[in-house]
Amino acid sequence: MKQHPKDERTLVVIKPDGVQRGLMGEIIRRYENVGLKLVGMKMLVPSERHVEAHYTLDPNWRRVTGEKTIKSYREKGMTPPSEDPLEITAKILANLKKYLSSGPVVAMVWEGAHAVGIVRKITGGTEPLSSDVGTIRGDFVLDSYTMADTDTRAVRNLVHASGSVPEAEAEIPHWFKQEELTDYRIIHEEILYDVNLDGILE
């Protein structure tokens, strides 16, 4: 039986800068406001090994990320730091491991219709500078790829959000055991998902 869109789940991790800046409540509120349901949540300091395993769950991540980075440099009229995608990704991964293991993060699983796409839309693009106003990254961060490259560090963009349904399905068990996720009903689902809205009137 095909899964209903309302049962889709996605991983969100509030990164160390989001925790340190006291934006946890604001970030959670934005996902709640749209109607998503929080089904798992915990605070931890991830190890560098855990971070590396997270980013390399997809065996193609190193190659694809390197190629995208080279293309991005060229589109901006800049010279890539290397023509070797794997060399570029090795530096990116080293910076990500340092960044995400620098302090506590808040890992969450959100559930609801089109959860992956909705969370990505609310969160904004990877680079805060080019993220739209109204998104989490567009409203609360002033970082950019240029500044991160100049300082030889990862872009500080507050949140990680799964990029696709298959990515979410791989990432969630990397961060959560099955028993750490809770299945429950929440009142607003009656309005969001009741086909005929026949549960309102007495």
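The values are calculated or read from the model by the stated rules, or taken from the named source; none is laboratory data. Because the structure is predicted, anything quoted here is derived from the model rather than measured. All Cβ positions, even for glycine, are placed from backbone atoms using ideal geometry, and neighbour counts span all protein chains on display.
Of note:
- Listed here are the helices (runs of 4 or more DSSP H) enclosed by segment 106-202 that have at least 2 residues being within 17 Å of Gly40 (Cα to Cα): 115-123, 165-175.
- Among the residues of segment 3-21, none qualifies, meaning not one is of a type in the set (Asp, Glu) and farther than 19 Å from Met108 by Cα.
- The number of residues in segment 20-34 being among the hydroxyl-bearing types (Ser, Thr, Tyr) and either exposed (fewer than 14 other Cβ atoms within 10 Å of the Cβ) or over 15 Å from Arg137 (Cβ atoms) (or both) comes to 0.
- Single condition Arg49 does not satisfy, out of (1) surrounded by fewer than 16 Cβ atoms within 10 Å (Cβ to Cβ); (2) modelled with pLDDT under 95: (2)
- Selection within segment 62-110 - touching a helix residue (DSSP H, G or I) at 6+ places or on another chain (Cβ under 6 Å), at pLDDT below 95 and small (Gly, Ala, Ser): Gly66, Ser82
- Flag for Glu189 being closer than 30 Å to Trp61 by Cβ and not small (Gly, Ala, Ser): no
- Only a single criterion out of (1) touching a Gly at 6+ places or on another chain (Cβ under 7 Å); (2) touching a residue at least 60 places away in the same chain (Cβ under 8 Å) is not satisfied by Ala168, namely (1).
- In segment 124-154, residue farthest from Ile14 (Cα to Cα) [restricted to those that are surrounded by 14 or more Cβ atoms within 10 Å (Cβ to Cβ) and of a type in the set (D, E, K, R)]: Asp149
- Check on Val116, farther than 19 Å from Gly18 by Cβ and of a type in the set (Val, Ile, Thr): yes
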